[in-house]
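Down below is the structure, laid out as structure tokens.
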Amino acid sequence: MPLSERDNKVLDELISNPGVTSLAIEKKYNLTRRQLGYSINKINDWLMRKDLPSIERTRQGYFVIDQSVFTMYSIENESVPMDTAILTGEQRVQIIIMMLLSTEEELSLNHFSIELDVSKNTVLSDLKDAQVFLDNYDLNLRYSRKFGYLIEGKEFKIRNLLIYATYQMLSMTDGERQLKKLASIDEQEVAEYYERIENVENKLDLKFTDEKLGTMPYVLILILRRIEQGHAVNIFSIEYEELSNTKEYQATEEIFQEADKIPMEERLFITLHLLTTNVYRTDFPTDEDVIPNLVPVIDNMLRLFEKSACIYLQDRGLLLDKLLQHIKPAYYRIKYQLSETISLEGSLSKEFKELHHLVKRSTGPLANLVGSPIPDSEIAYITMLIGGWMKRQGESIEKKTKAIVVCPQGVSVSRLMFNELSELFPEFVFLDSLSVREFLNYKLDYDIVFAPTFLETDKKLFIAKAFLGREEKKRLRKQVMLELHGYLPHDLNVEELMAIIRNHSSIENEQALAEELQRYVKRDDDSSISQNTVRKTRNLDELIKPGTITLKKSAESWEEAVRLSAQPLVERGAVTPEYVDAMLRYSNEDPYIVIGPNIAIPHASPEDGVNKVGMSLLRLEEGVTFSSDYNIHLIIVIAAVDKQQHLHALMQLMELSGSQQDRNQLINAQTKEAIHAIIQSYSKD
């Protein structure tokens, strides 16, 4: 988002007079401490997106500004005086939309042409752009001789648009005056609603951000006008119990002075608006304020991110609180489809784009809680919060080795390879597992590539088989470390490291530090490889037994075939019926479960309902159609309790799937014992 008029004034003052104090700025621009603090936060967010260091404040009220900020500002600051500012096409579109939403009179081309001071041809072009923008809200721009130009569609969507358009208007130079003029809003009306919102803040024991506090009076005035004009919000998919039990619902009495005359649906809509509004400060969490399971979900997200980014976030409790303040309103925005339709990903710096990618990979727990994918605009905000926290503690993924895995053998094998290599190289940031085609068009920056075959690349390429034995893992790790660093970590001398540390810091417990360093530098021979041998692995014939093999002539559908194949595992209690449902959902999204001609391996996550490791096999003589592209004769259901126990068997299955002769023998076998005998031939270490 661009800086507001106030933020620009503060930044101008800091650049032109870096020795100025907080008190002097507050006095000069008639700002409260809170308003100045909010502007500094907005300026720092803006600097962060430009990959520049934040402005810091000292305890004495002075500011510390990096030289790079002065350099950037002198290059980029070509501001146009406010009174001569020329509207951009995007700004004209927002003004047209606001006119349509806030004016009761019939609007024609002349109205727009006069207001915008442009030709009718320009207005016609802007109206086309306005329709493209309205498409994001499933709304239509229509013209009739009787009523002029109108926006048509569901009132819920129109309200969502109104909130966004109001914010856009107020972000423009002189936008507040322009909005008051277009919508005929007087200052006294704004002041009255500002007071009502402050009463809501006191009732809810929170503080909305200044940005939202400045926008909300106008939003509420315009919404109440639409209610008075008969534009009722339709019954929408809001869970009444979820919202009516909140303090925000009770607080709507402060906004609607005559609450008994306001329909319940309208109170729910305003409640939703309060719940989705970002806050500057709040005293939650309390049991009645926090969405059930939201705190553990955010904690789980952070742990997944830390693992992906190979970092440890300090002061996690404080970061959790900060994320909770943002994610609580985001939860309602996502659930009721009120998030911004314009993605902020394009405004992120190069490093933040990589962070955004890792954060996005970690949002699965939140998506499961909300019940829908997390929009990029929300992920971008979470990325900036986590990125700012990392910068504060001096962390950066820019300094870490970033790797990708490229595998032409399909998504299932690619993911297995990705997981294996992630565990073998815990100090690397693994960005993605890709097909060769995806690799050719990959946009993110990376340092090394792992692949089972040669690829043309200017990055370091390491050839690695899809399935690695213990000795192969050891050789690969040694090769990679020598290639990247010229040494193996266990060649380091712990005593020399201790001496360097003593020179630059005081050590509370030298013996404990020395032991931990020793464990770290020796991990190549120990933890990264040998820990995997402790876990029990199974051969293919131990998991697929005659009792888990089913022979059928045909199946009516793919769903029936998967259920038939999984039935032996369900009957033995290895998986729950819910696991079978999850497999069907995932297989609809992932055609790459097909690992060879006529053979597929549907599976889901352990948490979807796996009680113990297992496999079952269905043989269909006539085959069944899957994804309109494949005729499947062999369906092997995989139930995995972790990443290890089934891998050896899966490697043996992959080998079997590569043999056309043995695949055909399985398809044509007449007994379960004959199928098991073929499986046994591939089950030798």
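Listed values, structure above:
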quantity	calculated
Cα gyration tensor category, rounded, prolate or oblate, for region 540-681 with a/c compared to 1.5	rounded
Square roots of 5 times each gyration tensor eigenvalue, C-alpha, region 89-279, largest first, Å	30, 19, 14
Theoretical gain in end-to-end length, Gln229 to Glu189 [0.36 nm per residue, Cα-Cα removed]	12.6 nm
Degrees separating the helix 120-134 axis from the principal Cα axis of the chain, which is the longest one	40 degrees
On Cα atoms only, tilt of 647-657 relative to the major axis of the chain in degrees	70 degrees
Pair Glu495, Arg585: separation of 7 Å Cα→Cβ label points (nm)	5.9 nm
Net length gained if the chain between Arg142 and Glu578 were fully extended (0.36 nm per residue, minus Cα distance)	152.2 nm
Most to least packed among 99-109, 151-161 [average Cβ atoms within 10 Å]	151-161, 99-109
When the convex hull of its Cα atoms is projected in every direction, mean area for region 294-397 (nm²)	5.8 nm²
Within-13-Å neighbourhood charge of Asp608 [Cβ basis; K, R +1; D, E -1]	-2
Quarter of Cα convex hull surface for region 146-202, i.e. mean projection, nm²	5.7 nm²
For the chain, alpha-carbon Rg and Dmax in angstrom	30.6, 91
Over the chain, relative contact order from alpha-carbon pairs under 8 Å, at least 6 apart, %	7 percent
Extent along principal axes [Cα atoms of region 5-79; Å; largest to smallest]	29, 26, 20
Protection-proxy order for peptides 373-379, 55-61, 568-574, each taking the mean of Cβ atoms within 10 Å per residue, highest first	373-379, 568-574, 55-61
Gyration tensor verdict on region 401-488 (Cα atoms; rounded if a/c is under 1.5, prolate if a/b is larger than b/c, oblate otherwise)	oblate
Using alpha-carbon coordinates, inclination of helix 577-589 to the longest axis of the chain, degrees	70 degrees
Entries in Lys335/Lys402; Lys203/Lys353; Lys50/Lys402 that, when Cα-Cα distance is taken, lie over 30 Å	Lys335/Lys402; Lys203/Lys353
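Values in this text are rule-based calculations from the coordinates and carry no lab data. This is a predicted model, so every value here is computed, not measured. Cβ coordinates were reconstructed from backbone atoms using ideal geometry, including for glycine residues, and neighbour counts include every protein chain displayed.
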